[in-house]
Amino acid sequence: MKHLFSLIFLLSLSLTFGQAKYNLILNSIDDQKADYSKIAQQIWSHAEMGYQENQSSALLQKTLESEGFKITAGVAEIPTAFVASYGSGGPVIAILGEYDALPGLSQKALPYKVSNGGKAGHACGHHLFGTASAAAAIALKEYLIAENKPGTIRFYGCPAEEGGSGKVYMTRAGLFDDVDVALHWHADSKNAASIRPALANKSAKFRFYGVSAHAAGAPEKGRSSLDAVEAMNNMVNMMREHTTESTRIHYVITQGGKAPNVVPDFAEVYYYARHATRDEVVNVFDRIVNAAKGAALGTGTTMDYEMIGGTHELLHNETLQRLIHKNLETVGGYTYTDEEIAFAEKISESLGIPLNTQYTEWVAPYSSSSKAGGSTDVGDVSFAVPTAGLRAATWVPGTPAHSWQAVAAGGTDIGNKGMMVAAKTLALTAMQLIDSPKIIVKAKEEFLQKRGPDFKYKPMLGDRKPALNYRN
């Protein structure tokens, strides 16, 4: 019943906003679609990994600066992080933007798998994410000018979401302390703005140091660092039986030696631990560390580890989430051209599913409960300020994130069209927050109640400096 009253409140509130205001926002974004598409595809072609996004960050900074935003670059001791600000006074609305790519997923904008000749690809759609968020910020700037309203719009240029925890360092540096509401979005295969949980996450690189020797001529003189990695992995894999059902543990061996006839004196394994709550992540991670210590002891090697990332789970705000959902329904979806249908059908064939564009052309129903999948450093922002977001159909329906199919669609106008849906939805939501402070008050009340009176922010990655070389 409480949620019904909240929905009625938001629906009645939306009726008070004139159609002219909506049109001002929507037309402002539509008029620049060609420019925003060009920016997004430039970032797609750069495909720069976490903390290496020099060209992508510079392009977004230049775009916002040319629109009158004041740029503060290199924030939180991260060269590719920045804040672009316009306006003065309250409310302060933050719009988050990402622009890092994933390693090993180079792909051309074609409906079959073929490398683009690069070392990385935008398999999570962050080229669209950063561009749409910048478009929304610019439209809001124009709205403040046209309506002569007070308020501050901030675009947060957030690097290294993919495992580098860029927003955690930005949160730790206090960059969100005076923000009233933070908004974000993400690429997806459907348009949706339901509550979608994210898992807390802690990651590290475990490094083992052994003794090299000829593997056949003098094996007794060697102490294999690769043996230590494999022993650690075996112990962690046995540990899985004795963790909670929702615990997730992943690893990849990043270095394991160069030649079979040389006992490796160095090896490295990169681990993620995830759970719905950060306390359980800490517990699981500590057990992983103990497995690494045991592996080193048992193989006669030594071990150290470097924390790479750590993120909180998402703290959802239903007041904001329902508002975003309503605005996403107002914006609606889009339709494929004949050429895009042909492209999408080939992608669907590669996924082994029929093409269904229902939630590309429209919006998935609102839901307050869904299963957590991945992790995001937006989680830390959500514990600093009321935060909410949406997902827009930038990929062919059914496409999983972190796939070549996601990279391919993101390099076409399918990605650009979904990006425009996201930009409009963010801008409409922020406009309503500016015009109706009561929504912000309600969102903050919910935020404080859910976060709890005794909450003290403690970054999962501790006090380490940004892991600027984690992709090297």
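The values are calculated or read from the model by the stated rules, or taken from the named source; none is laboratory data. Predicted model only: the values in this text are computed from it and were never measured. Glycine gets a Cβ as well: all are built from the backbone with ideal geometry, and neighbour counts include every protein chain shown.
Can you tell me which residue among Thr16, Thr72 is among the β-branched types (Val, Ile, Thr), out of contact with any Ser or Thr (no Cβ under 6 Å at 6 or more places or on another chain) and at pLDDT 95 or above?
Working: Thr16 fails: at pLDDT 95 or above.
One residue alone meets the criteria, Thr72.
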Looking at (1) in contact with a strand residue (DSSP E or B) (Cβ under 9 Å, 6 or more places away or on another chain); (2) under 22 Å from Gly379 (Cα atoms); (3) touching a residue at least 12 places away in the same chain (Cβ under 8 Å), which is the only condition Ile43 fails? (2)
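Looking at the range 359-383 only, could you name the residues that are in a helix (DSSP H, G or I) and in contact (Cβ under 8 Å) with a residue 40 or more places away in the chain? Talk me through it step by step, then tell me what you get.
Taking the range 359-383 and keeping what is in a helix (DSSP H, G or I), we get 359-361, 378-382.
Answer for the range 359-383, where residues must be in a helix (DSSP H, G or I) and in contact (Cβ under 8 Å) with a residue 40 or more places away in the chain: Tyr359, Thr360, Val378, Gly379, Asp380, Val381, Ser382.
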Tally, over the range 91-105, of residues that are surrounded by 20 or more Cβ atoms within 10 Å (Cβ to Cβ) and more than 17 Å from Arg154 (Cβ to Cβ): 4
Count of the range 149-182 residues which are farther than 17 Å from Pro459 by Cα, surrounded by fewer than 24 Cβ atoms within 10 Å (Cβ to Cβ) and of a type in the set (A, V, I, L, M, F, W, C): 1
So, in the range 21-74, exactly how many residues are within 25 Å of Ala109 (Cα to Cα), within 21 Å of the chain's Cα centre (by Cα) and aliphatic (A, V, I, L, M)? 8
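Could you tell me which of the residues Val363, Val407, Val396 is in the same structural domain as Val114 (by TED's automatic domain parsing), of a type in the set (Val, Ile, Thr) and out of contact with any Gly (no Cβ under 7 Å at 6 or more places or on another chain)?
On the way: Val363 fails: out of contact with any Gly (no Cβ under 7 Å at 6 or more places or on another chain); Val407 fails: out of contact with any Gly (no Cβ under 7 Å at 6 or more places or on another chain).
Answer to the selection: Val396.
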Hey, can you tell me all the residues within the range 98-132 that are out of contact with any strand residue (DSSP E or B) (no Cβ under 9 Å at 6 or more places or on another chain) and acidic (Asp, Glu)? none
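Counting just the residues of the range 68-90 that are hydroxyl-bearing (Ser, Thr, Tyr) and over 16 Å from Val168 (Cβ atoms), which one comes out surrounded by the fewest Cβ atoms within 10 Å (Cβ to Cβ)?
At the first step, the residues of the range 68-90 found to be hydroxyl-bearing (Ser, Thr, Tyr) are 72, 80, 85-86, 88.
Applying the additional criterion that residues be over 16 Å from Val168 (Cβ atoms) yields 72, 85-86, 88.
Values: Thr72: 15, Ser85: 18, Tyr86: 21, Ser88: 10.
The extreme case among them is Ser88.
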Name the residue, out of Ile347, Ile249, Ile288, that is in contact (Cβ under 8 Å) with a residue 24 or more places away in the chain and assigned by TED's automatic domain parsing to the domain that holds Trp185. Ile347
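What do you reckon, is Lys113 among the charged types (D, E, K, R) and within 21 Å of Asp178 (Cβ to Cβ)? Outline the logic, then answer.
Values: among the charged types (D, E, K, R): yes; within 21 Å of Asp178 (Cβ to Cβ): no.
It is false that Lys113 is among the charged types (D, E, K, R) and within 21 Å of Asp178 (Cβ to Cβ).
Do we find that Glu65 is over 22 Å from Ser165 (Cα atoms) and among the acidic types (Asp, Glu) in this structure? Steps first, please.
Working: over 22 Å from Ser165 (Cα atoms): yes; among the acidic types (Asp, Glu): yes.
Yes, satisfied.
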Would a scan of the range 131-146 turn up a residue that is in a strand (DSSP E or B) and at negative phi? no
Need pairs with beta-carbon distance below 7 Å; first residue under 14 Å from His127 (Cβ atoms) and within the range 80-102, second β-branched (Val, Ile, Thr); sequence gap 6+ or separate chains. Tyr99/Ile43
How many residues, within the range 164-195, are closer than 23 Å to Ala409 by Cα and not polar (S, T, N, Q)? 8
Qualifying positions in the range 95-108 - within 15 Å of the chain's Cα centre (by Cα) and among the small types (Gly, Ala, Ser): Gly97, Ala101
What helices (runs of 4 or more DSSP H), lying completely within the range 385-472, carry at least 1 residues that are of a type in the set (Ser, Thr, Tyr) and surrounded by 21 or more Cβ atoms within 10 Å (Cβ to Cβ)? 413-435
So Ser350 passes all but one of these: (1) at pLDDT 95 or above; (2) surrounded by 19 or more Cβ atoms within 10 Å (Cβ to Cβ); (3) under 26 Å from Glu162 (Cα atoms). Which condition number does it fail? (2)
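Suppose we filter Pro91, Pro150, Pro111, Pro79 for residues that are over 15 Å from the mean Cα position of the chain (by Cα) and within 27 Å of Gly352 (Cβ to Cβ); which single one remains? Before the answer, list the steps.
On the way: Pro91 fails: within 27 Å of Gly352 (Cβ to Cβ); Pro150 fails: within 27 Å of Gly352 (Cβ to Cβ); Pro79 fails: within 27 Å of Gly352 (Cβ to Cβ).
Unique residue meeting the criteria: Pro111.
Results for (1) outside any loop (DSSP other than H, G, I, E, B); (2) within 26 Å of the chain's Cα centre (by Cα); (3) of a type in the set (Ser, Thr, Tyr); (4) surrounded by 16 or more Cβ atoms within 10 Å (Cβ to Cβ), shown as yes or no for each residue.
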residue	(1), (2), (3), (4)
Ser246	no, yes, yes, no
Ile253	yes, yes, no, no
Gly257	no, no, no, yes
Val269	yes, yes, no, yes
Ala295	yes, no, no, yes
Glu306	yes, yes, no, no
Gly309	yes, yes, no, yes
Just to be sure I understand, how many residues within the range 211-244 are among the hydrophobic types (A, V, I, L, M, F, W, C) and surrounded by fewer than 15 Cβ atoms within 10 Å (Cβ to Cβ)? 4
